[in-house]
Ligand SMILES: *Cc1c(COP(=O)(O)O)cnc(C)c1O
């Protein structure tokens, strides 16, 4: 089901403004102590990103280290099943197995140009921690990753990867001992180490300029989709782009160059968990209200008195109580349509893709695939699904359903 009924459909501008807002959402709601760090970034990020030597190094690493451009694959049997033309954007083939590395490469190059030689990051399931530890090893920078104590127990393989890559994994022992607590600890660490440390945030969340910065680094996804579609079909624009939304970075990257192309329908898949009315869900646009979390105003799941509600999803990457401010605005304006996909539906879609195409998707990405059955796309239409990551990390979960 969708949360379309709440759409107002008025705003038509989707770029961030100078203060870091997308419509009503965004900004930089941060403690006084963080102002110097965040302001340094705000004042420098665009100028650095646009420098020729930055772009040269970034593009070179995307090509030769990450393996870009990732294929845009015409999924023949999946297309037959849904009686339309389905292309998969294969972010699962990126080095480290997901799109997250596009962002961590961009941010570490930025950190170096700001003269920072230490990196701090937060991680939930460990995917962003691994992507950060990877680029720190690549660049020889010190890396500290905060991770909830409970997540450290649940995600042992990723903890091992981070350690092998040379990162120090520090347990967050406060609160629920999960992602939001790790984020709080990482922010505290940054406050105490403002001069030599850059904080690499893993999605289009956090205070301005993070949402815009991360979206720009991930926008390579839709840049490639456009040129690959043109080559394959003679048209740059698909009819639909579908992506899953945790914080929203792979969706932001897949949507970016289509935001102002109003003939392209943008579709976001949120984690419905056990169902939106089950009390065990992470479907933010269905259950959330406006509020401030991790430095920006967005929509988040909260109690009557504003306490953050623990989200619940089978996929660790979608288990976040909010969405980035760009997505809050896309939802509020009606530019994007949001679906809540249950755990069961995502597993079904994961098995379906595996059987029809020989591709095991991350369970996060399987949420996006699950939207295909609701779409009713026409036989002459083109649908792009962003396959954000591969499913190797999820085998233990899939096995329970075999
Ligand atoms: C982390 C992750 C996500 C969710 O993060 P976004 O910022 O919403 O993209 C989705 N898919 C995979 C494979 C991930 O690792």
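The values are calculated or read from the model by the stated rules, or taken from the named source; none is laboratory data. For clarity, every value in this text was computed on a predicted model and none was experimentally measured. Please note: Cβ atoms are built from the backbone with ideal geometry, for glycine as well, and neighbour counts cover all protein chains shown.
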Task: Enumeration of residues in the stretch 156-171 that are in contact with a strand residue (DSSP E or B) (Cβ under 8 Å, 6 or more places away or on another chain) and within 26 Å of residue 365 (Cβ to Cβ) - done: 158, 159, 162, 165, 167, 169
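Quick check on the stretch 300-326: of everything there that is without any contact (Cβ under 8 Å) to a residue 24 or more places away in the chain and in a strand (DSSP E or B), which residue is farthest from the ligand (Cβ to nearest atom)?
To start, the set of residues in the stretch 300-326 that are without any contact (Cβ under 8 Å) to a residue 24 or more places away in the chain comprises 300-307, 309.
Pick out the ones that are also in a strand (DSSP E or B) and you get 300, 302.
Values: 300: 14, 302: 19 Å.
Here the answer is 302.
May I ask you to verify whether residue 269 is touching a strand residue (DSSP E or B) at 6+ places or on another chain (Cβ under 7 Å), more than 18 Å from residue 14 (Cα to Cα), within 12 Å of the ligand (Cβ to nearest atom) and not assigned by TED's automatic domain parsing to the domain that holds residue 104? I'd like the intermediate steps shown before the answer.
Details: touching a strand residue (DSSP E or B) at 6+ places or on another chain (Cβ under 7 Å): yes; more than 18 Å from residue 14 (Cα to Cα): yes; within 12 Å of the ligand (Cβ to nearest atom): yes; not assigned by TED's automatic domain parsing to the domain that holds residue 104: yes.
The answer is yes for residue 269.
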- [ ] Go through the stretch 359-392 and give me each residue that's crowded, with 23+ Cβ neighbours inside 10 Å, over 22 Å from residue 281 (Cα atoms) and more than 15 Å from the ligand (Cβ to nearest atom).
- [x] 383, 384
- [ ] Give me a count of the residues in the stretch 208-232 that are surrounded by fewer than 24 Cβ atoms within 10 Å (Cβ to Cβ), more than 14 Å from the ligand (Cβ to nearest atom) and either at positive phi or assigned to a loop (DSSP other than H, G, I, E, B) (or both).
- [x] 1
TODO: Count, please, the residues in the stretch 93-110 that happen to be in contact with a strand residue (DSSP E or B) (Cβ under 6 Å, 6 or more places away or on another chain) and either at pLDDT below 95 or surrounded by fewer than 23 Cβ atoms within 10 Å (Cβ to Cβ) (or both).
DONE: 1
Open item on the list: Can you pull out every residue in the stretch 73-92 that is surrounded by fewer than 24 Cβ atoms within 10 Å (Cβ to Cβ), assigned to a strand (DSSP E or B) and within 16 Å of the ligand (Cβ to nearest atom)?
Closed with: 90
Task: Conditions (1) under 27 Å from residue 38 (Cβ atoms); (2) in contact with a helix residue (DSSP H, G or I) (Cβ under 8 Å, 6 or more places away or on another chain): number failed by residue 247 - done: (2)
Task: Selection count where residues are within 19 Å of the chain's Cα centre (by Cα) and closer than 25 Å to residue 280 by Cβ, scope the stretch 328-349 - done: 11
TODO: State whether one or more residues within the stretch 335-358 are in a loop (DSSP other than H, G, I, E, B), touching a residue at least 60 places away in the same chain (Cβ under 8 Å) and surrounded by fewer than 19 Cβ atoms within 10 Å (Cβ to Cβ).
DONE: no
- [ ] Pull up the stretch 233-284, narrow it to residues that are without any contact (Cβ under 8 Å) to a residue 40 or more places away in the chain and in a helix (DSSP H, G or I), then point me to the one that is surrounded by the most Cβ atoms within 10 Å (Cβ to Cβ).
- [x] 284
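Which residues, taken from the stretch 114-153, are in a helix (DSSP H, G or I) and either away from the ligand (no atom under 16 Å from the Cβ) or in the same structural domain as residue 364 (by TED's automatic domain parsing) (or both)? Break it down stepwise before answering.
Step one: list which residues in the stretch 114-153 are in a helix (DSSP H, G or I), which gives 127-139, 149-153.
136, 137, 138, 139, 149, 150, 152, 153, listed by residue number.
Filter the stretch 196-206 down to residues that are assigned to a loop (DSSP other than H, G, I, E, B) and buried (at least 24 other Cβ atoms within 10 Å of the Cβ) and give me whichever is nearest to the ligand (Cβ to nearest atom).
If we filter the stretch 196-206 for residues that are assigned to a loop (DSSP other than H, G, I, E, B), which is where we start, we get 196, 201-206.
Now restrict to residues that are buried (at least 24 other Cβ atoms within 10 Å of the Cβ): 201-206.
Details: 201: 10, 202: 7, 203: 3, 204: 6, 205: 8, 206: 11 Å.
Per the criteria, the residue is 203.
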